[in-house]
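Engineer: Just passing along the structure, written as C-alpha cells.
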Amino acid sequence: GASPKAPSMSSCAADGDGRHMSAQAFRWVGATPVLASLDIQRTVDFYVRTLGARAVHAQVGEYGIVALGDLELHFWACDDRRIPSLTSCRIEVDGIDALYARCRQQGSVHPNGPLRAQPWGTREFSLLDEDGNCVTFHAKA
C-alpha cells in the first residue's frame, strides 16, 4: 500500500522566508478539501456514482480528483484505515433537499448525520464514503 504523503512545512509557508504576506496582496478564491483514500480508483468511482461527480484524475496508489460542478475534492493514497475515519470536510450547496434525497437513495448518508437544522443557521447532513471520510453538506437555513 501507499504511505501517507503529507505536504512539507515549506510548501505551507506564506512566502519564501516565513514572513506573512499582506492581506492587501491577495484575495481568497476557494478551498479544496484533500481527503485520505484507501483505494484511489474505488474512491473516485464512489463519488462519481453517489454524487454524480466527474472523474478528473485517478492515479492508483497516489492521488485522485473529482469535480462537483466548479468544486473539486482531492484524495491522497493512504494505507492506514484510521486516518479517513478521523477525517471530514464541509461543502456548501444549493438544493440540499435534492442532494439529500439522492444520498439517501444511494445509502450513503452517515448513520448519525440526517438532514437537520443546526443552531448556527444551516441545514446540513453528512455522507460517509467507503473509506470512512465524513463529508458534511450544508446550506444556509
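Engineer: Using 0.36 nm times the number of residues separating R54 and S88, minus their current alpha carbon distance, what extension gain do you get?
Structural biologist: Between R54 and S88, full extension yields 10.2 nm more.
Engineer: Under 11 Å from a point placed 7 Å out from the Cα of A31 along the Cα-to-Cβ direction: which residues of region 62-103 have their backbone N that close?
Structural biologist: Counting backbone N atoms under 11 Å from the label point, the list is 89-92.
Engineer: Would you mind getting the accessible area per residue of region 65-132, heavy atoms of the protein chains only, 1.4 Å probe, in Å²? Mind dumping the intermediate values first?
Structural biologist: Details: 3960 Å² over 68 residues.
For region 65-132, the solvent-accessible area averages 58 Å² per residue.
Engineer: Taking a ≥ b ≥ c as the square roots of the Cα gyration tensor eigenvalues, with a/c under 1.5 meaning rounded and otherwise prolate when a/b beats b/c, else oblate, which class fits region 17-141?
Structural biologist: oblate
The values are calculated or read from the model by the stated rules, or taken from the named source; none is laboratory data. Fair warning: this is a prediction, and the values are worked out from it, not measured in the lab. Virtual Cβ from ideal backbone geometry, glycine too; neighbours counted across all protein chains shown. SASA here: full protein model, heavy atoms, side chains in, ligands and nucleic acids out. Shrake-Rupley method; radii C 1.70, N 1.55, O 1.52, S 1.80 Å.
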